[in-house]
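Report on one structure; see the data block that follows.
Since every read-out is calculated from the coordinates, none of them should be taken as a lab result. Model, not experiment: these values are computed from the prediction. Positions of Cβ are generated from backbone atoms using ideal geometry, with glycine treated the same way; all protein chains shown enter the neighbour counts.
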Amino acid sequence: QNSLPLYPIRQIQFTHSHCHYEGLLFVNWRCIMLFYSFFKTLVGKEVAVELKNDVVLTGTLHSVDQYLNVKLNNVQVVDKQKYPQLLALKNCFIRGSVVRYIQIPSGEVDTELLQDAARKENAPQKSS
């Protein structure tokens, strides 16, 4: 079987219904592109981004790229007293490797579409 190389993308925590996973996520490039495609559907939506240095920013998702870097507009820092130096921040670019979590409104997730895409991703590949 011809398998694709795996890439560690970041520490994640995932909870959905009765499932919970926490740990280092290793994925192949097709799976990274699945995340990328998913996040592209959230452009224009309000999200909260928690960074590895514990800063939490909220804002409107402006764009995302294949490295899962994100641009936010209308940025606000959640803990204004702890991070007063970020109060003037309005728009920002966040490198994907410094992101711990991206929180999205539950109503914005089409779980059936996401599960279908995951099933297709994990289906045995046809030989040509």
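Qualifying trypsin sites (Lys or Arg not before Pro) in segment 46-124, where qualification requires a DSSP coil assignment and no more than 16 other C-beta atoms within 10 Å, comprise Lys52, Lys80, Lys82, Lys90, Arg95.
Summing Lys, Arg as +1 and Asp, Glu as -1, what charge do residues with Cβ under 13 Å from the Cβ of Gln76 carry, Gln76 excluded? Result for the neighbourhood of Gln76: 0. The alpha carbons of segment 47-128 occupy a box of 56, 26, 20 Å along the principal axes, longest dimension given first. Label separation (Val109 vs Leu89): 2.4 nm, computed from points 7 Å beyond Cα along the C-beta direction.
Stretching Ser37 away from Asp54 to a fully extended chain increases their span by 3.5 nm, per 0.36 nm per residue minus the current alpha-carbon distance. Each residue of segment 104-109 was assigned a 3J(HN,Hα) from its phi angle through the Karplus expression (A = 6.51, B = -1.76, C = 1.60, θ = phi - 60°), giving 10, x, 4, x, 8, 9 Hz with x at Gly and Pro.
Cross-link partners of Lys52 among lysines, defined as those whose alpha carbon lies under 26 angstrom from its own and excluding same-chain residues fewer than eight positions apart: Lys40, Lys71, Lys80, Lys82, Lys90.
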